[in-house]
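Presented below is the structure to which this report refers.
We did not get these values from a lab; they are worked out from the coordinates using the rules stated. Note that the structure is a prediction, hence the values are computed from the model and not measured. Note that each Cβ is placed from the backbone with ideal geometry, even for glycine, and that neighbours are counted across all protein chains shown.
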Amino acid sequence: MPKHIYNYNTHAEKRYFLGPEHHGLYDIIRLNGNIVSHTPEGVAGFLATAGKDFYIDPQTHAFQHATIHLKSDVSDKKKKEPPRYKFKPSIVKLANERLGGPFSQVIANDKPISPAVFTDKGTIKNVAINSVCQSVKEFQLDLIESELDDEAKEFIEGPSGFKPVFVIAPYFYLSKHSWREWLEINVACYQRMKELVEDVPTYLSLVVSKDALDNEGDIVSAISGVKPDGILLWIDSHVEEELRRSEVESYVHFLKELNGNTEFLYNSHGGYLSILLCHPELGGILDGVAHSVNYGEHRNVVPIGGGLPMARFYLYSLHSRLRWGDAADIVQPRGWLDSVGSYRENICMCHQCQELFDEKGSAEKAFDLYGKSNPVTITRRDGTIVRLEYPTKEAKQAATRHYLYNKAKEFDDVETKTYNELLQDLDAIYREVSENSGEEVVSHLRTWYEALRETRDC
Amino acid sequence: MSEKSIVNAIVETLRVYGFTVATEVANFYRSADVGALARNGDVWVVECKVSSIGQAIKQAKTHKLSADKVFIATFYKNTREITLRRIRDAGLGLLYVMPDGSVSKPVELPKRNMPWGLARKRLSERILELRENNA
């Protein structure tokens, strides 16, 4: 069964992880190192309530990028001060109090980590590797448990106690130009981490630029030398809806190659394309997919965190988070809002939508709530006036719950429908929508259909 | 020649014809350059562009959900036939702002859309609200 993973990025998202209505929608929680470091007691309490498997992403790659990405502007905008950047407190805490060593040097010297920290004339510095592995291991295995008092530990027992289901070795981004050096370091870190950690599996986090994938063979070859317990894959800015057919095929090929060298392969930021690739008939090319709550199906490596996007409406048949207007442009002219029956048949039958039918009394009023907004007028410096809309709190919450129910359905469908049925669904909705509304919002369905059909035949 | 001068010419013209007009009207998380209410209650939206008519067509399509008629307005020029066809096929109208500031229509007025009632009502209210705030 493919694992459905939720990324937990801020405590404001807690509500979507807890409670009987949400608990059954996902399998594993991925915590970002930043939040664990900054508020370990809050995270411990959250995990205790959630009672789910979890793992902690130590985010070591954050320290190899230009340090501006680790800072925020602290200038007083009311006083019109010029921008003044300081390291974010959570990053300082992660570096200085949790990870130490070369990570705290990034803060002290205001310079990113370079491969030279771990290598000397092409030779791995074992002392440096060992040091970071020790601190990264302790951060993941000990911090949360240490925040719970004995009484709490007695009462609370998660599926794996308070240990993560696996630990992640220190890792760095494989960029276009220096991927080879970082790959060697990542592999060395994995090997040492594996030696240090005995009671839980060790996973390798593979964060890679699309350009570095041109060297897929070398990357796979290096990984095949260590056969990690599991791999977490994150391809920078990998927007599944925007991939060309050849890119989908390359992605599938890469997954197959990786899969042959590990027990578990998860995509850290994926959408429906990746979920489809978890289909049992494909032999489990992927074993799980992670996303955030109504965002995060793709992610850029920098900036590090921040920037929650606006609420969008997840249209199941398109497997895409659409601007609400684009979604309306598809569902309204087709009469899908004419009755609750038509809405349920063509758009969605999740609990969130049902609640809105009951509350609002009609399908179109239910759908309309997802687009509710507060217009805001902004006058630019040049005097031009711009009017923007921000979704209401009610709309954002409804859109998030609707999204999560639909994601759970996608995972269910992969287990209950045949691969061919799911492919045919892609083709059918592409034909139906493109005929009257153009290809713009559905072309990805055709691309996936053609690429995956071929893939299966290979 | 700026987009603002196109907007101004359209606003003036619509007012002469008795429309209640507002600019930069929030609609479907997009901003309609000009929103107008006719005396008979019809709702019009005009997207104003100096260039990038293709982009305007894309933006204007969403407004069709809430407006009875949607137009693209630009400065007078020799628009290619293929572009005119795209505008017509999208069910949109085209308005030219002439060098003297008058407005002409190089293609026939678009047919009345069948907008979504809820969205049309909201857009009407926003146009009226903006007019009141600016009055």
For every helix of n ≥ 4 consecutive DSSP H residues, a contribution of -39,500 (n - 2.57) applies; sum these over the protein assembly as shown, divide by its total residues, and give [θ] at 222 nm rounded to the nearest 500 deg cm²/dmol.
-> -13000 deg cm²/dmol
Relative contact order %, the stretch A:3-291, counting alpha carbon pairs below 8 Å whose residues are six or more apart = 16 percent
Which shape class applies to the stretch A:31-182: rounded if a/c is under 1.5, otherwise prolate when a/b exceeds b/c and oblate if not, where a ≥ b ≥ c are the square roots of the Cα gyration tensor eigenvalues?
-> oblate
Averaged over peptide A:382-390, how many Cβ atoms belonging to another chain are found within 10 Å of each residue's Cβ?
-> 4
Tally Lys and Arg at +1 and Asp and Glu at -1 over the other residues with C-beta under 10 Å from the C-beta of A:Asp413: what net charge comes out?
-> -3
Two pseudo-spin positions, 7 Å from Cα along C-beta at A:Tyr390 and at B:Lys4, lie apart in nanometres by 2.6 nm
Return the ratio Rg/(2.2 N^0.38 Å) for the stretch A:3-291, where Rg is computed over Cα atoms only.
-> 1.02
Signed unit charges on C-beta, dipole axis of the protein assembly as shown, positive-most listed residue A:Ala169, B:Leu95, A:Phe367 | B:Leu95
Could you point to the residue in A:Ala328, A:Leu47, A:Asn420 farthest towards the positive end of the protein assembly as shown's charge dipole, with +1 and -1 charges on the Cβ of Lys/Arg and Asp/Glu respectively?
-> A:Ala328
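Using a 10 Å cut-off around each Cβ of peptide A:364-371, what is the average number of partner chain Cβ atoms that fall inside?
2
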How far, in degrees from 0 to 90, does helix A:126-146 lean away from the longest principal axis of the Cα atoms of chain A, to the nearest 10?
-> 60 degrees
Among B:Ala119, B:Ala22, B:Ala73, the residue with the largest mean-square fluctuation in a Gaussian network model of chain B built from Cα contacts under 10 Å is B:Ala119
Place a +1 charge on the Cβ of each Lys and Arg in the protein assembly as shown and a -1 charge on the Cβ of each Asp and Glu, then give the dipole magnitude about the Cα centre in debye, rounded to the nearest 20.
-> 2800 debye
Classify chain B as rounded, prolate or oblate, taking a ≥ b ≥ c as the square roots of the eigenvalues of its Cα gyration tensor: rounded when a/c is under 1.5, otherwise prolate if a/b is larger than b/c and oblate if not.
-> oblate
When the Cα centres of the stretch A:208-238 and the stretch B:93-132 are compared, how far apart do they sit, in Å?
-> 53 Å
With DSSP loop assignment and no more than 10 other C-beta atoms within 10 Å, the trypsin sites (Lys or Arg not before Pro) in the stretch A:30-128 are A:Lys77, A:Lys78, A:Lys79, A:Lys80, A:Lys121
Could you list the GluC sites (Glu not before Pro) in the stretch A:181-240 that lie in coil according to DSSP, counting only those with at most 13 other Cβ atoms within 10 Å of their Cβ?
-> A:Glu198
Among A:Ile56, B:Pro106, A:Ser342, whose Cα lies farthest out toward the positive end of the dipole of the protein assembly as shown, if unit charges sit on the beta carbon of Lys, Arg (+1) and Asp, Glu (-1)?
-> B:Pro106
Tilt relative to chain A, helix A:179-196 - C-alpha long axis, 0 to 90 degrees, to 10 = 70 degrees
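Using the Cα centre of the stretch A:3-291 as the reference point, and only Cβ charges (+1 on K/R, -1 on D/E), how large is the resulting charge dipole? Debye, rounded to the nearest 20.
On the way: 30 positive and 41 negative charges, 255 e Å.
Here the stretch A:3-291 has a charge dipole of around 1220 debye.
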Once you average over the residues of A:433-439, how many Cβ atoms of partner chains fall within 10 Å of each Cβ?
-> 1
With +1 at each Lys and Arg Cβ and -1 at each Asp and Glu Cβ, the charge dipole magnitude of the stretch A:195-310 around its Cα centre, to the nearest 20 debye, comes out at 240 debye
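Give the shape of the stretch A:331-428 as rounded, prolate or oblate, defined through the alpha-carbon gyration tensor: a ≥ b ≥ c are the square roots of its eigenvalues, a/c under 1.5 means rounded, and otherwise the shape is prolate if a/b is larger than b/c and oblate if not. Present the calculation step by step, with values, prior to reporting the outcome.
Details: a/c = 2.32, a/b = 1.83, b/c = 1.27.
Here the stretch A:331-428 falls in the prolate category.
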For the stretch B:1-56, which trypsin sites (Lys or Arg not before Pro) are in a loop by DSSP, counting at most 16 other Cβ atoms within 10 Å?
-> B:Arg39
